[in-house]
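To start, the structure itself, in structure tokens.
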Amino acid sequence: MDETRFLDMINWVKKRKQEKSTDFLEPPVLAKLIKMVEKERDVQFLSSGGYEGAERQLVVLYPDFLSEDEIDVPIGAIEITADFKKENITHRDVLGSIMALGIKREKVGDILINDNRCQAIIRKDIISYVTHNLTRVGKVNVHTTEIDINEIMPVEKKMKEIEAVVASLRLDSIASVAFSTSRTKMQDFIKSGFVRVNWVEVSDPAYIVKEGDTLSFRGHGRAIFDSIKGTTKKDRIAVSIKKYI
């Protein structure tokens, strides 16, 4: 979704005094659109991907006289059962099979695969269609049912902890440690737009990173600046970084 369409949605909510939602958004787009709506006085928002920590989320805009508890978030969930580990079924296989039904990518949120089942977050209005028609993933027969959103079981993401001592909390300093790249090269990558902080592109190597920030380095994955452990006698900073593996 581009900014113009999102602005049209904001104006629609202002005029009609009703709620309206986007489809599922990638994190960089989500971050950009949330910044837009945060500037509005008469329109509130909530974002959700169906469970805590979801990457793909949709945004619901609603007039400020409503409370968040009154909002109907149009998110549902399905469970696809098969021997996923034995058949080597991947995220791409599941997404491809759903889209082969004529479902657009933006109607589908996160897809979570365990050994013998897959759970997928999708919009409520397509649940019935998907559960009735998704009978195969690739060459494997599957059984698809609707489940309560509270039954979602997030897949634990594997991370490794990196402990280091840095001169400062500048982005180039933290990112060079997180992604095992020299600080000089990292400065060039940052200036060229390869690095994002909390899904937003940051082109200033001197940007100060805060605890909890998510760093993304195009083609090299993601990491979380977890915490500041303390300072050394030479006033350098001991930090902990968690990198997705």
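Can you tell me which residue within the range 138-180, out of those that are basic (Lys, Arg) and surrounded by fewer than 17 Cβ atoms within 10 Å (Cβ to Cβ), is modelled with the lowest pLDDT? First the steps, then the outcome.
Looking only at the range 138-180, we keep the residues that are basic (Lys, Arg), and these are 139, 157-158, 160, 170.
Then keep just the ones that are surrounded by fewer than 17 Cβ atoms within 10 Å (Cβ to Cβ); that gives 139, 157-158, 160.
Values: 139: 86, 157: 82, 158: 87, 160: 95.
My answer is 157.
In the range 38-62, how many are on the phi > 0 side of the Ramachandran plot and surrounded by 15 or more Cβ atoms within 10 Å (Cβ to Cβ)? Spell out how you get there, then give the answer.
Our first condition is that a residue be on the phi > 0 side of the Ramachandran plot; within the range 38-62, this holds for 50, 53.
Of the ones still in play, those that are also surrounded by 15 or more Cβ atoms within 10 Å (Cβ to Cβ) are 50.
Adding up the residues that qualify gives 1.
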Name the residues in the range 122-137 that are in contact with a helix residue (DSSP H, G or I) (Cβ under 8 Å, 6 or more places away or on another chain) and surrounded by 16 or more Cβ atoms within 10 Å (Cβ to Cβ), would you?
122, 123, 126, 130, 134, 137
If you go through the range 8-36, how many residues are among the hydrophobic types (A, V, I, L, M, F, W, C) and either outside any helix (DSSP H, G or I) or more than 21 Å from residue 72 (Cβ to Cβ) (or both)?
5
Hey, any hits in the range 78-90 for a residue that's among the aliphatic types (A, V, I, L, M), part of a strand (DSSP E or B) and in contact with a Cys (Cβ under 8 Å, 6 or more places away or on another chain)?
yes
Would you please list the contacts, defined by Cβ atoms under 7 Å and residues six or more apart or on different chains, that run from a residue in the range 102-121 that is under 16 Å from residue 54 (Cβ atoms) to a residue that is among the basic types (Lys, Arg)?
107/123; 109/56; 110/56
Considering the range 43-99 alone, what residues qualify as being within 22 Å of residue 198 (Cβ to Cβ) and among the aromatic types (Phe, Trp, Tyr)?
45, 51
Answer yes if at least one residue in the range 219-227 is touching a His at 6+ places or on another chain (Cβ under 9 Å), free of Cβ contacts under 8 Å to residues at least 40 places away in the same chain and over 22 Å from residue 34 (Cβ atoms), and no otherwise.
no
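Residue by residue, here is whether (1) touching a Gly at 6+ places or on another chain (Cβ under 6 Å); (2) hydroxyl-bearing (Ser, Thr, Tyr); (3) assigned by TED's automatic domain parsing to the domain that holds residue 239 holds:
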| residue | (1), (2), (3) |
| --- | --- |
| 118 | no, no, no |
| 130 | no, no, no |
| 136 | no, no, no |
| 140 | no, no, no |
| 173 | no, yes, yes |
| 179 | no, no, yes |
May I ask you to say which residue of 98, 103, 71, 75 is in contact with a Phe, Trp or Tyr (Cβ under 6 Å, 6 or more places away or on another chain) and within 23 Å of residue 22 (Cα to Cα)?
71
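The values are calculated or read from the model by the stated rules, or taken from the named source; none is laboratory data. Since we're looking at a predicted model, the values are computed, not measured. In this analysis, Cβ positions are derived from the backbone assuming ideal geometry, glycine residues included, and neighbour counts consider all displayed protein chains.
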